[in-house]
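The values are calculated or read from the model by the stated rules, or taken from the named source; none is laboratory data. All of these numbers come straight from a predicted model, not from anything done at the bench. Here the Cβ positions follow ideal geometry from the backbone for every residue, glycine too, while neighbour counts run over all protein chains shown. The protein model used for the area step is the full one, side chains on, heavy atoms only, and it has no ligands, DNA or RNA in it. Shrake-Rupley method; radii C 1.70, N 1.55, O 1.52, S 1.80 Å.
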Amino acid sequence: MNLMLNCEQASKLISESMDHRLTWLQKGSLRIHLAMCAICSAYARQLGILREMIRRWSRKGVKILSGKNLSPEAKSRIKSNLRRQS
Amino acid sequence: MPSEHQSFIPVVEQWVDQYGDTLYRYALLRVRNPDVAQDLVQETFLAALKSPQTFRNESAPQTWLIGILKHKIFDHFRKETKTAKFQEALPMEDDPTETHFNESKRWKSPLKSWDLTPEEKSEDSALAETVSKCLDHLTESQREIFLLRELDEIESGELCKLFQITPTNLWVILHRIRNQLRNCLEKNWFK
């Protein structure tokens, strides 16, 4: 098995590391590659920043990613449906 | 209807005004279709109305309601993924047009650095707007799977079950989405 990753393999593993726990072999190979490859290191940082931004902004009340409100009509409709349940 | 439910109705009605928007935006972000989002919010409030005894143990209505809504969204996706149209829309293989690597599979050129200013980090920033637009460029199924993974932090195993795909498929899909978003941001922001 070849422990030396190329950048295409490394970028794939970088993304995968965000979705599941890598094997120790994968983790080791990736760490070695990142130590030698500035561009893949930048890529890893950028994917991390992307995840950070999206999580932070959506947590803060979902304003930017989906800034719509329920219309007053929709709210009255829901409320009258609730009352109809009695 | 039991009297317990009767006295609960005005409480839930008030929640529609208080939390309706938050629930709607939560749903809309994930299902994208405004009508579907509205239906899910309505189903959530109806389900809440039927379980006043469950709520008594909770302190925060919003958290409890979001919990119900999460289940409704999950059920919605489970039904959705059974349609052929949904299955077709998910790209399963690596993108053959991916040109960032040369023949030796090394990067063709270095990546620009992403140093965010404090202004850019704010949710009101133009950068946030750009990220939002880049997310809009994803297909509906791409967006659904990505947000379930990133925002709701659903584990790979669960996502595979839900979308009926293998782990390898899932990871390829998420990788492609992340690449697309990164490219979009690089093109439109970090020029």
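Here are a few things to note about the model shown:
- Helix-derived mean residue ellipticity, 222 nm - over the protein assembly as shown, DSSP H n ≥ 4, -39500 (n - 2.57), to 500: -22000 deg cm²/dmol
- Projecting the Cα atoms of B:156, B:174, B:185 onto the charge dipole of the stretch B:146-191 (Cβ charges, centred on the Cα centre) puts B:185 farthest toward the positive pole.
- Our summary gives chain A a relative contact order of 24 percent, counting only alpha carbon pairs under 8 angstrom and 6 or more residues apart.
- Degrees, to the nearest 10: B:3-31 long Cα axis against longest axis of chain B: 10 degrees
- Carbon + sulfur, % of accessible area of chain B - ligands and nucleic acids excluded, 1.4 Å: 49 percent
- Here the Gaussian network model covers chain A, with springs between Cα atoms less than 10 Å apart; of A:31, A:21, A:51, A:21 fluctuates the most.
- Cα long-axis angle, helix B:61-80 against chain B (0 to 90 degrees, to the nearest 10): 60 degrees
- Count, lysine Cα pairs under 13 Å in chain B, 8 or more residues apart or across chains: 5
- Phi-based couplings in Hz for the stretch B:166-173 (Karplus 6.51, -1.76, 1.60; Gly and Pro marked x): 7, x, 4, 4, 4, 5, 5, 4
- Gain in span if fully extended, residue B:62 to residue B:17, counting 0.36 nm per residue against the direct Cα distance: 15.0 nm
- Stretched out straight at 0.36 nm per residue, the stretch from residue B:99 to residue B:169 would grow longer than its current Cα-Cα span by 23.1 nm.
- Solvent-accessible area, 1.4 Å probe, carbon plus sulfur percent, for chain A: 54 percent
- Area of residue A:27 that stays accessible when all protein chains are in place (1.4 Å probe, Å², to 10): 90 Å²
- Relative contact order (%) - chain B, alpha-carbon pairs under 8 angstrom, separation at least six: 21 percent
- Surrounding net charge for residue B:76, when Lys and Arg each add one and Asp and Glu each subtract one, Cβ distance under 10 Å: -1
- Counting only protein heavy atoms and a 1.4 Å probe, chain B has 51 square angstrom of accessible area per residue.
- Accessible surface buried upon B-A contact (total; probe 1.4 Å; Å², nearest 100): 5300 Å²
- Taking every protein chain into account, the 1.4 Å probe leaves residue B:135 with about 0 Å² of accessible area, to the nearest ten.
- Working note: Karplus 6.51/-1.76/1.60 with θ = phi - 60° gives the stretch A:35-51 the couplings 5, 9, 10, 5, 6, 5, 4, 5, 4, 4, 4, 5, 5, x, 4, 4, 5 Hz, where Gly and Pro are set to x.
- Nearest 10 degrees, 0 to 90: helix B:126-136 Cα axis against chain B principal axis: 90 degrees
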